Amino acid sequence: MSPLDFTPSARGSLGVEWEVALVDTSTRALAPGAPATLARLGATKDGPLRGEYLTCMVELVTGVHATVGAAVAELRGDLERLSGAADAEGLAVYAAGTHPFSRAADVEVERGPSYDTVAERNAWWGRRMLICGTHLHVGVPDRDLTLPLVHGLTRLSPLLLALTASSPFFEGEDTGFDSQRTMLFQQLPTNGLPPDVPDWAAFESYYEQVSAAGMVSSPSEIRWDVRPAPKFGTVELRVTDTSPTLTEIGCLAAWTQCLTEHLIVGEQTGTPLPPLAPWFVHENKWRTARYGLEAEVITADGPVPMRELVASWHARLAPLAERLGCRDDLDHALTLSAHGNSATRQRAAAHSGLLGVVDAVCAETKEDL
């Protein structure tokens with residue numbers, strides 16, 4: 001069996017992987033409490049609550065769902081369980097792309113073959129991966145749609161990053177970026193924007209080359225911002241920061257589901273996205289990581305303020321959201337556009353100090369249960 005064997009899945013089905021951190025409720029610093037907290041829950045390696053690369057992190061993983069509401073409902077139940085167990089350990093759930101002041105050098109790395117390989121290969125940069133993201137899997141019914149969806153979602157991913165950016169601070173400093181996580185994560189060799197791999201045959205050739213060269217040992221080690229996931233029959237969007245609330249997770253899932261459906265219809269009707277030069281795709285990612293909703297991004301029709309782009313795509317996607325049952329979730333993007341993403345809210349909370357940032361993020365997560 002080839003690692004690239006593709007298992008088709010239901011069109012637009014959803015799976016969510018939500019990475020969160022645990023903080024000490026006294027110091028508000030990141031705490032290596034994930035093993036004890038997960039043990040308290042009787043969690044297993046493949047269960048809905050899992051350990052991660054760092055001992056301060058937990059990943060909440062849903063099953064496959066047809067609707068945004070069902071995926072968020074599963075996350076809510078798991079978050080309630082995690083929050084209760086964390087509280088018993090003197091910890092709180094902190095859901096943001098970076099922690100405002102804990103230092104990477106002080107955080108313990110989980111041991112294991114794959115994690116040891118990441119740590120050894122990436123050295124100093126690997127030790128900087130003090131970051132959390134949200135990953136969305138979207139079902140693809142036909143293997144030949146996969147790479148067009150990868151590139152289409154990559155083109156549109158600045159919309160999603162702007163709405164979810166939640167990592168302005170790193171190791172005690174305001175970085176100036178809404179998503180410092182983006183800048184850190186792309187440093188590893190197979191991370192970042194996908195290369196020019198237009199179809200499945202080209203992807204197979206790419207994988208043969210990089211695996212033969214020892215760059216990866218499985219498709220899961222190709223960590224593009226948007227990547228094929230052959231085992232699950234999905235396209236996986238990995239570009240976004242962790243969101244602090246289930247409401248924002250629902251918003252991200254709705255936009256991902258609707259954008260995917262829009263792209264599939266475009267492929268099937270011969271109306272794909274208009275072309276955009278790869279250097280503009282790269283620039284848009286950088287601008288969005290830097291400025292978030294304040295960014296001006298480049299489209300086929302010229303530069304456009306991000307908030308205008310959110311509004312125009314919202315109007316375009318609203319009929320799809322009605323059909324898919326996620327209109328309220330899609331609409332929350334307009335609230336974020338008007339009042340600010342998590343990075344904006346964290347900077348406001350920082351007026352009372354970085355401890356206040358941790359308290360504000362933890363409170364948002366708990367209040368949204």
Inset, instruction - Provide Rg over Rh for segment 151-217; use the alpha carbon set for both Rg and the Kirkwood Rh (inverse mean inverse pair distance). - result: 1.09
Inset, instruction - Would you work out if segment 231-313 is rounded, prolate or oblate? Take a ≥ b ≥ c from the square roots of the eigenvalues of the alpha-carbon gyration tensor; rounded if a/c is under 1.5, else prolate when a/b is larger than b/c, oblate otherwise. - result: oblate
Legend entry - Range of Cα positions in segment 1-47 per principal axis (Å), largest first: 48, 22, 18
Legend entry - Cα extents of segment 71-227 along the three principal axes, largest first (Å): 51, 37, 33
Legend entry - Pairs of alpha carbons in segment 60-118 whose separation is greater than 18 Å (percent): 60 percent
Inset, instruction - Taking 7 Å along the Cα-to-C-beta vector as the label spot, tell me the GLN209-TRP279 distance in nanometres, rounded to one decimal. - result: 2.2 nm
Legend entry - Alpha-carbon Rg/Rh ratio, for segment 59-157, with Rh computed the Kirkwood way: 1.03
Inset, instruction - Could you point to the residue in SER217, PRO278, ALA295 farthest towards the positive end of segment 216-344's charge dipole, with +1 and -1 charges on the Cβ of Lys/Arg and Asp/Glu respectively? - result: SER217
Inset, instruction - Whenever you get a sec, line up ASP196, ASP241, ASP359, ASP331 from highest to lowest accessible area (probe 1.4 Å, protein heavy atoms). - result: ASP196, ASP359, ASP331, ASP241
Legend entry - Segment ARG11-ARG76, extension gain: residue separation times 0.36 nm, minus the distance between their alpha carbons: 21.0 nm
Inset, instruction - From the P(r) of segment 295-336, can you give the percent of Cα pairs sitting at distances over 14 Å? - result: 51 percent
Legend entry - Stretch gain in nm, segment ARG347-THR27, where the contour uses 0.36 nm per residue and the Cα spacing is subtracted: 113.2 nm
Legend entry - Computed lengthening from LEU4 to VAL64, 0.36 nm per intervening residue step minus Cα-Cα distance: 19.6 nm
Inset, instruction - Between ARG127 and ALA318, with labels modelled 7 Å along Cα→Cβ, what's the label distance in nm to one decimal, could you check? - result: 5.2 nm
Inset, instruction - Would you kindly find the accessible area of PHE280, with a 1.4 Å probe and non-protein molecules such as ligands, DNA and RNA excluded, rounding to the nearest 10 Å²? - result: 80 Å²
Inset, instruction - Quick one: check the C-alpha center-to-center distance for segment 54-102 versus segment 226-274, whole angstrom. - result: 21 Å
Inset, instruction - Could you work out the local net charge near ALA104, counting Lys and Arg as +1, Asp and Glu as -1, over the other residues with Cβ closer than 9 Å to its Cβ? - result: +1
Inset, instruction - Taking trypsin sites (Lys or Arg not before Pro) as candidate sites, keep only those in a DSSP loop with at most 11 other Cβ atoms within 10 Å, then name the longest stretch of the chain containing none of them. - result: 112-369
Inset, instruction - Before anything else, pin down the relative contact order of segment 105-201: Cα pairs under 8 Å, at least 6 apart, normalised by residue count, whole percent. - result: 31 percent
Legend entry - Probe 1.4 Å - accessible area at HIS282, Å² to nearest ten: 110 Å²
Inset, instruction - Quick one: grab Rg to one decimal and Dmax as a whole number for segment 177-275, Cα atoms only, in Å. - result: 15.4, 43
Inset, instruction - Determine the distance separating the Cα centre of segment 291-336 from the Cα centre of segment 139-166; give it in Å without decimals. - result: 14 Å
Legend entry - Kirkwood hydrodynamic radius (C-alpha pairs) into Stokes-Einstein, segment 4-117, 20 °C and 1.002 mPa s, D in µm²/s: 141 µm²/s
Inset, instruction - Report the accessible area of TRP125, computed with a 1.4 Å probe over the heavy atoms of all protein chains in place, in Å² rounded to the nearest 10. - result: 90 Å²
Inset, instruction - For segment 235-369, state what percent of all Cα-Cα pairs lands in each successive 10 Å bin, counting from 0 Å until the bin that includes the largest distance. - result: 11, 35, 38, 13, 3, 0
Inset, instruction - Convert 4 °C to kelvin, take the viscosity as 1.567 mPa s, use the Kirkwood radius over C-alpha pairs of the chain as Rh, and evaluate the Stokes-Einstein diffusion coefficient in µm²/s, rounded to a whole number. - result: 63 µm²/s
Legend entry - Ratio Rg/Rh [Cα only; Rh per Kirkwood] for segment 299-369: 1.11
Inset, instruction - Along Cα→Cβ, 7 Å out, is where each label goes; now give me the distance between the ones at ALA201 and ALA338 in nm to one decimal. - result: 5.1 nm
Inset, instruction - Quick one: dipole size for the chain, taken about the Cα centre, charges +1 on Lys/Arg Cβ and -1 on Asp/Glu Cβ, in debye to the nearest 20. - result: 160 debye
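The values are calculated or read from the model by the stated rules, or taken from the named source; none is laboratory data. Just so you know, these numbers come straight off a predicted model, no measurement behind them. When we count neighbours, we look across all protein chains shown, and the Cβ atoms used for this are built from the backbone with ideal geometry, even at glycine. What goes into the accessible areas is simple: the full protein's heavy atoms, side chains included, and nothing from ligands, DNA or RNA. Shrake-Rupley method; radii C 1.70, N 1.55, O 1.52, S 1.80 Å.
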